[in-house]
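Written out below as structure tokens is the structure these notes cover.
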Amino acid sequence: MTKHSTGPIELHFLGDQESIEIARETVEKVLMSYRSTQLNDDLMYKVTGHDVASVLQLVNSDVKYLREIFMSRTLKQKQFNDLFYFIPFALHKISNVEKLIKMDVDMRLMSDIRRLWEEFDKFTPEVIFALALEQQSTYYRQFAKYRALWNDTVVGAPPPNGRPGYNGGLYLMNLENMRKSTLYKAAIQEQFLRKLIRKYYFTTPHLGDQDVMTLLSMEYQNLFLTLPCTWNRQQCRVFTRINFVSIILFQQYARCEEKNHLYHGNCHTPLPKETN
């Protein structure tokens, strides 16, 4: 991010106190290093830390039921069961920030993040989230029963004509729109989400906030904007090793042919080496 940025950036870190301090020190070291070598004087960072335990005390009742609905029941896929992953759906209640970009730590920006921020210009008052599509067949099998019952649906199918679901590694959020949206407030209620689970036969959730986003988008696409694939170029290839997924099917989901602005090393996948 530092290498390609051209102006002031405000960073918000959500974690325990030790992690926040490490983040602050790391940002300061990187910034000092670049300032002493090549970057312009306009590059400034403001770092704000949010203690996750304190935040959860404020929003526990707003996100606890989300974990109960979307938690994984299998031992191998429980890493996204932590309440931490469901905090974004209540951020509008704990922050006066109007807009933000949520990023995982396993990412590398290859372009100025201000170019990504410009995607907010495409938001209508109804849109709350902007995400890139999932680039694997993650939801192909999840929605198989629904597709079998409704032959004309493209839910879970690959692009360009299908609806593969979203990847939750990066998303833009308009918190002001979230605060004002009566549709969002109704859609995120426990009773309605359980109704969607039954409607789409979404019986094996395992990816936390990403599953919530994907399921909501199948019912209310008008709350979402789809980012270009180049702003979340996912490197994970785990589905190429699963028997029911052919290489041809995988390639349909993974196709992204433009210049990459951001790499995502999901599934602990190494990121491509950055050239100078």
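Brief remarks on what is shown
- Checking every one of the trypsin sites (Lys or Arg not before Pro) in region 39-135 against DSSP loop status and a limit of 12 other Cβ atoms within 10 Å picks out R73, K78.
- Under 5 Å, built H, 5+ apart or other chain: amide partners of I188: none
- When you filter the chymotrypsin sites (Phe, Trp or Tyr not before Pro) in region 153-245 for DSSP loop state and at most 12 other Cβ atoms inside 10 Å of their Cβ, you are left with F244.
- Size check on region 88-219: the Cα extents along the three principal axes, sorted descending, read 42, 35, 25 Å.
- Estimated FRET transfer efficiency (Y65, L271; beta-carbon r; R0 30 Å; 0.05): 0.30
- R179 paired with I247, simple spin-label distance in nm, labels 7 Å along Cα-to-beta-carbon: 5.2
- Given K99/K180; K3/K273; K145/K195; K78/K102; K78/K99; K64/K145, the pairs whose alpha carbons are separated by over 18 Å: K78/K102; K78/K99; K64/K145
- Rounded to the nearest whole Hz, the Karplus-based 3J(HN,Hα) values (6.51 cos²θ - 1.76 cosθ + 1.60, θ = phi - 60°) of region 163-168 follow the sequence 10, x, x, 10, 9, x, with x at glycine and proline.
- Couplings 3J(HN,Hα) of region 56-63, computed from phi: 5, 4, 7, 10, 3, 5, 7, 10 Hz, in residue order, whole Hz [Karplus 6.51 cos²θ - 1.76 cosθ + 1.60, θ = phi - 60°; x for Gly and Pro].
- Options (i) 19; (ii) 14; (iii) 34 - which one matches percent of Cα pairs over 34 Å apart as calculated here: (i)
- Kirkwood Rh in Å, taken over region 118-190 so that all alpha-carbon pairs contribute: 14.1
- 0 to 90° range, to nearest 10: angle between helix 209-219 axis and the chain longest Cα axis: 50
- Using the Karplus relation 6.51 cos²θ - 1.76 cosθ + 1.60 with θ = phi - 60°, the per-residue 3J(HN,Hα) values for region 11-16 come to 9, 10, 10, 10, x, 6 Hz, with x marking Gly and Pro.
- Of the listed residues I87, I9, the order by accessible area with a 1.4 Å probe, largest first, is I9, I87.
- Per atom type, region 99-158 shows carbon and sulfur on 52% of its accessible surface, probed at 1.4 Å.
- For Y45, residues with placed amide H under 5 Å, excluding near neighbours: I9
- Where the chain is the region considered: accessible area per residue in Å², 1.4 Å probe: 54
- Over all directions, the projected convex hull of the C-alpha atoms in region 1-138 averages 10.7 nm² in area.
- Debye, to nearest 20: dipole size of the chain, +1 on Lys, Arg Cβ, -1 on Asp, Glu Cβ: 1040
- Dividing the summed -39500 (n - 2.57) terms of all DSSP H runs of n ≥ 4 by the residue count of the chain sets its mean residue ellipticity at 222 nm at -9500 deg cm²/dmol.
- The chain, relative contact order in percent, only Cα pairs under 8 angstrom and at least six apart counted: 22
- Mean separation of Cα contacts under 8 Å, 6 or more apart, over the residue count of region 80-198: relative contact order %: 34
- The chain: antiparallel DSSP beta bridges as a percent of all, rounded to 5: 50
- Dipole-positive endmost among M110, T153, S54 within the chain (Cβ charges, Cα centre): T153
- S33 paired with T124, simple spin-label distance in nm, labels 7 Å along Cα-to-beta-carbon: 4.5
- Taking amide H atoms as placed 1.01 Å from N in the peptide plane, the amide H of G162 has no partner under 5 Å among residues 5 or more positions away or on other chains.
The values are calculated or read from the model by the stated rules, or taken from the named source; none is laboratory data. Just so it is clear, the structure is predicted and the values come from calculations on it, not from any experiment. Backbone-built Cβ (ideal geometry, glycine too); neighbour counts: all protein chains shown. Remember, those area values only see protein heavy atoms, side chains included, never the ligands or the DNA or RNA. Shrake-Rupley method; radii C 1.70, N 1.55, O 1.52, S 1.80 Å.
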